[in-house]
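Have a look at the structure below, then the notes.
Please treat every number below as a calculation from the coordinates, not as lab data. Everything numeric here is computed off the predicted structure, so don't read it as measured data. Positions of Cβ are backbone-derived with ideal geometry, glycine not excepted, and every protein chain shown enters the neighbour counts.
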Amino acid sequence: MDHPRLPHQTRTDAGLAAALRVAVGRLARRLRAQRPATLSLGQSAVLYTLNRHGQMTPGALAEREKVQPPSMTRIIAALEEHGLIHRTKHPQDRRQQLVDLTDEGRSLVRMDQRRREAWLARQLQELTPEEKETLRRATEILERLSQS
């Protein structure tokens, strides 16, 4: 497999930032292409957020996902219609609701994760051991960048 060298401009921080943005964006698009076609990106994001953080109010979900409350209301309604989430009354504030995954929603998230990881594992088989080690080190750095 031919491995093109990074362009000369990646030697500057700005050049590296541009190349990294493009590469990460392309990989993210390829991984998104592995997701279930029946769900929108917003719906998938809500399922993953609930899977990661547990039940939340619609307002907290909207804030975390950086969408307006009316948009979150539509996403929640669609996911509830698909049987992937359910709502319950908030135990401390009966005016509020909590949204959580159903067993079917959890199962869909697990299946989606396995499908994407299997696709990525197949792609990694094309790499040399040295390239895989570079990615292991880069993963730690990318994680640190994502948290800043």
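Summing charges over neighbours of Glu140, with a neighbour being any other residue whose Cβ is under 15 Å away from its Cβ, gives +2 when K and R count +1 and D and E count -1. For Gln96, the residues whose modelled amide H falls within less than 5 Å of its own, excluding neighbours fewer than 5 places apart on the same chain, are His90.
A Förster distance of 22 Å, applied to the separation of the beta-carbon atoms of Glu65 and Arg29, puts the FRET efficiency at 0.70. Model label points for Leu120 and Arg52, set 7 angstrom from Cα along the Cα-to-Cβ axis, are 1.2 nm apart.
Approximating the spin labels as points 7 Å out from Cα along Cα→Cβ, the Thr128-to-Leu16 distance works out to 2.1 nm. Put a dot 7 Å past the Cα of Leu142, heading toward its Cβ, do the same for Thr102, and the two dots end up 3.4 nm apart. Computed from phi, the 3J(HN,Hα) profile of region 74-88 under the Karplus parametrisation 6.51, -1.76, 1.60 (θ = phi - 60°) reads 5, 4, 4, 4, 5, 5, 5, 4, 7, x, 9, 9, 9, 10, 9 Hz, with x in place of Gly and Pro.
Where q = 0.10, 0.19 Å⁻¹, what log10 of I(q)/I(0) comes from the Debye formula for the chain, counting one point per Cα? Debye intensities relative to I(0), on a log10 scale: -0.49, -1.19.
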